[in-house]
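Worksheet for the structure shown next.
The values are calculated or read from the model by the stated rules, or taken from the named source; none is laboratory data. These numbers were taken from a predicted model, which means no experiment stands behind them. As a convention, Cβ positions derive from the backbone with ideal geometry for all residues, glycine included, and neighbour counts pool all protein chains shown. Side chains included, ligands, DNA and RNA excluded: accessible areas come from the protein's heavy atoms. Shrake-Rupley method; radii C 1.70, N 1.55, O 1.52, S 1.80 Å.
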Amino acid sequence: MLVAIKLGGSVITDKSRLKTPNIENINNLAKCIAELWRGGIRFIVVHGAGSYAHIPSKKYGLADGIKNDEGKLHFAEVHSFCEELSTIIVNALIKNGLPAISFHPATFVIQKNKTPVEINDMLINKYAEKGFVPVTHGDVVLDEEINTSIISGDKLMEHFGRTIASKLVFATDVDGLLTRIDGSGKLIRRVTKDNFDDVMNAVGGSQNTDVTGGMASKICNLMDLKIETILANGNYPERIKNAIKGKEDIYTLFTP
Ligand code: IPE
């Protein structure tokens, strides 16, 4: 089984403070992945950029591309921050005995108007095939329409879900898919074709329209993939271990 796991930026960094890694969470997640690896499960690790990129990207307006040499400098700086975080993740995995190799989207992805048009994943796939753990992440990339744009780790997960992964795991800072995101929400443990409409109604009834809109389209994208997807809280790696092993715990399982 090849699992693509996304370590969310809010789990591996303090999202409110520039370039602040959450070393405890990173080490715990690396340990969890290593244990599963020793049990025969293979991984591609995708991580978010958290406060390494969201804060400066917002400050420089990088989501809408760059226009001049100053913009190129901002782009290079944010990319270098993403590389720094990736090195921390890779080193945590290596320390736990995993042959982790980092791949930076700025060097293998091209987008057009914020949508990937080229993902040169040949080497990632080769390394995975040879028993390495490819690591990649949200990043700034070239864009044919607006010079540069941002690719999220979630987009890369969807790509692996369509290509070589047999399961997707999102380690976020929530317990799974909740009916409401205001703290009063109930966990939806399973999403299948049979309860899909009910789930969309329940999530659609949530108060926060922004997040709901995002979540609804995310669910549709996940259900379009042919493989199982797990949404779990990355602050509790034990839950992720149980979810991947198919044991009951607190998480949401999508079965298309
Ligand atoms: C964001 O990546 C990348 C940049 C802002 C350059 P993600 O969207 O995957 O990161 P998180 O998980 O939200 O932090």
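Loop-resident trypsin sites (Lys or Arg not before Pro) (DSSP state other than H, G, I, E or B) in region 120-156 with no more than 12 further Cβ atoms inside 10 Å of their Cβ: LYS130. Only helical runs count toward this figure. For the chain, summing -39,500 (n - 2.57) over DSSP H runs of n ≥ 4 and dividing by all residues gives -13500 deg cm²/dmol at 222 nm. With all protein chains in place and a 1.4 Å probe, the accessible surface of region 1-138 carries 52 percent carbon and sulfur.
Could you run the Debye sum over the Cα atoms of the chain, one equal point scatterer each and no solvent, and tell me log10 of I(q)/I(0) at q = 0.10, 0.13, 0.14 Å⁻¹, two decimals? Here log10 of I(q) over I(0) equals -0.47, -0.82, -0.96. If only the Cβ of Lys and Arg carry +1 and only the Cβ of Asp and Glu carry -1, the dipole of region 80-167 around its Cα centre is close to 380 debye.
In a reduced charge model with +1 at each Lys and Arg Cβ and -1 at each Asp and Glu Cβ, the chain shows a dipole moment near 660 debye about its Cα centre. Farthest toward the positive end of the dipole of the chain, out of ASN195, THR163, PHE132, is the Cα of PHE132, where the dipole comes from beta carbon charges about the Cα centre.
Accessible area per residue (1.4 Å probe, heavy atoms of protein chains only) ranks ARG180, ARG38 as ARG38, ARG180, with the largest value leading.
Accessible surface area normalised per residue over the chain is 47 Å², counting heavy atoms of protein chains with a 1.4 Å rolling probe.
Working ranking of peptides 189-196, 55-62 by packing, defined as the average number of other Cβ atoms within 10 Å per residue, highest first, is 55-62, 189-196. Each Cα pair under 8 Å and six or more residues apart adds its sequence gap; the mean of these over the residue count of region 100-210 is a relative contact order of 19 percent. About the centre of its Cα atoms, region 1-81 shows a dipole size close to 140 debye [charges on the beta carbon of Lys, Arg (+1) and Asp, Glu (-1) only; nearest 20 debye]. Take the Cα of ARG180, step 7 Å toward its Cβ, do the same at LYS59, and the gap between the two points is 3.7 nm.
Based on the Cβ-Cβ distance from ILE94 to GLU24, what FRET efficiency comes out when R0 is 22 Å, to the nearest 0.05? In this case the efficiency is close to 0.80.
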